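Only the coordinates and a few stated rules stand behind these numbers; no lab work does. Computed from a predicted structure; not experimentally measured. All Cβ positions, even for glycine, are placed from backbone atoms using ideal geometry, and neighbour counts span all protein chains on display.
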Amino acid sequence: MTELNRRKFLTYVGTGAAALTVASTGLGGLAPQVEAAGKDAANKLVGFKKKVSGLNFKAIDPSDKDDIVLPKGYKYDVVAAYGDKINEKGETFGFNCDFTEYFPIDGSSNHGLLWVNHEYSSDVFVQGSKTNGKYSDTQIHDMLYVQGGSIIEVVGDKKGGWKMDATSKYARRINGLTPFTLTGPAAGSATVGGKTTVQGTFANCSGGKTLWNTVLSAEENYEETAEDAGLESTHYGYIIEVDPFDVDDKTFPVRKHTALGRFNHENAAMGIAKSGQVVVYMGDDKKDACVYKFVSEGVYNKSAGKANSALLEKGTLYVANMGSGKWVPLTMDTVQPKDKNGKFKTQADICVNTHEAALLVGGTPTDRPEDVEINPIDGTIYIAHTNNDKHGNFHGHITRFVEANDDLASLEFDFEIFAAGGKQSGFSAPDNLTFDTKVIFGQ
């Protein structure tokens, strides 16, 4: 069996799934079967007829250095670090960065706003340890303050360096103390205690950018923080939306979209169906969890700008049944007939207890679906299934969905295991995915 290192893997990704499957397994005789196994999918393989030349850098070896190790010819700048002041009000940069998204100012590629997720806090570096099993009010404040997100203004120079502008009028913190508006079916419902406004966001993992230039951030492993802070857990586990350019968050109040479901969200990838409806793909980052998509009831209107946010308040949430190749709607018509315990009495109950509802209607439990992204070239969907030791899948894999008729709003799909992790393929536990003109790669 031929071992495939990471650089070769990245090159093969550009040639298509069939080539990668053969290369990573060493089973050359199965090539015709691989291609035939998903005829519809194979016909749309990325770069299937074109082999890329590879990546233009010398690969680095594994290292235990307490530093960022980069290939020769590359460098990095520390733009912002935990505790740095980000504006003249004295607000400080949060802890444990995750997803980042750049928003140009006046279309500039070297002057803009950067949204940065802050996923979790730390007893060691932030709030200190519990006393008699509990945090003090001050510790809870500190724990909530450092999570959520930072909006900072960044400026690039002619040499490729970047720095933060701490005098920015836009820079601010959105965190576990910020008031959020609930939207969609669960807003004001008994399922969330009748609340239309809730406190804060935390456990922010990955996210995405909307078509109308706002940021979507995903609340992932929220349970522990909610419990430690004494907060109602049904108020967390959503996709939040923020306009980085709204200086005081009053013109566009920060919001949580309950119509997109409540679970351990990793990210949100947005696209447009042939009908003009907005489609959002999402993964639930836990073992034996499902893949989802939301299809808006209304259609996108570019001239409406940020008013398009209302599209995320009304629509249909679907879960993938990979056995049948169908997207199953999570509605009262599908969930309630299978609900033997009487838990799902309203659509709000489905939006708040999404994982349970998904399993009731036949959603396929998978191996930690983390990042879900739409290929900008052909519109197919890539899912980073990180791993699941319960099923012996220690290294994870990347799954690829092909929607019927190349339409994101389709209710049927084909899928394939695009790449399997492990020693033979040179990668393990895939997480976030991104695209460029030559390769598709996991980072």
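Summary of values
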| read-out | value |
| --- | --- |
| Relative contact order (%) - the chain, alpha-carbon pairs under 8 angstrom, separation at least six | 13 |
| Selected from GLY161, GLY422, GLY362 as most flexible by GNM, with the chain as the system and alpha-carbon contacts under 10 Å | GLY161 |
| Under-5 Å amide H pairs with ASN393, H placed in peptide plane, nonlocal only | ASN388 |
| For the chain, projected area of the alpha-carbon convex hull averaged over all directions, nm² | 23.1 |
| Residue-averaged [θ]222 nm for the chain, counting only DSSP H segments that reach four residues, each worth -39500 (n - 2.57) | -3500 deg cm²/dmol |
| Top of ASP288, ASP431, ASP137 by mean-square fluctuation, Gaussian network on the chain, Cα under 10 Å | ASP137 |
| Most mobile of ASN341, ASN175, ASN96 in a GNM of the chain (Cα contacts under 10 Å) | ASN341 |
| Mean separation of Cα contacts under 8 Å (6+ apart) over length of the stretch 77-175, as relative contact order % | 33 |
| Net charge dipole size for the chain [Lys, Arg +1 and Asp, Glu -1 on Cβ; Debye, nearest 20] | 960 |
| Sequence-distant residues sharing a close amide H with HIS111 (under 5 Å, placed H) | ILE105, GLY156 |
| Label-point separation in nm, ILE60 to LYS287, each point 7 Å along Cα→Cβ | 3.2 |
| Projected label distance in nm at THR131 and VAL78, using a 7 Å step from Cα toward the beta-carbon | 3.2 |
| Residue-wise HN-Hα coupling along the stretch 395-410, computed from phi with Karplus coefficients 6.51, -1.76, 1.60 (Hz; x: Gly, Pro) | 10, x, 6, 10, 9, 10, 9, 10, 6, 4, 6, 6, 10, 4, 8, 4 |
| Using θ = phi - 60° and Karplus 6.51 cos²θ - 1.76 cosθ + 1.60, couplings along the stretch 274-284 (whole Hz; Gly, Pro as x) | 4, 6, x, 5, 7, 10, 10, 9, 8, x, 10 |
| Calculated FRET efficiency for the pair ILE417/LYS85, C-beta based, R₀ 35 Å, to 0.05 | 0.15 |
| HN-Hα J in Hz across the stretch 261-271 - Karplus 6.51, -1.76, 1.60, θ = phi - 60°, x for Gly and Pro | x, 10, 6, 7, 5, 8, 7, 8, 10, 9, x |
| Percent antiparallel among DSSP beta bridges (both partners in the chain, rounded to 5) | 95 |
| Cα centroid separation - the stretch 108-171 against the stretch 231-292, whole Å | 21 |
| Length gained when the stretch THR331-GLU224 is fully extended (0.36 nm per residue, less Cα-Cα span) | 35.6 nm |
| Total formal charge among the other residues, if their Cβ is under 9 angstrom from that of GLU241, Lys/Arg +1 and Asp/Glu -1 | +1 |
| Segment ASN213-ASN110, length gained on full extension (0.36 nm per residue, minus Cα span) | 35.4 nm |
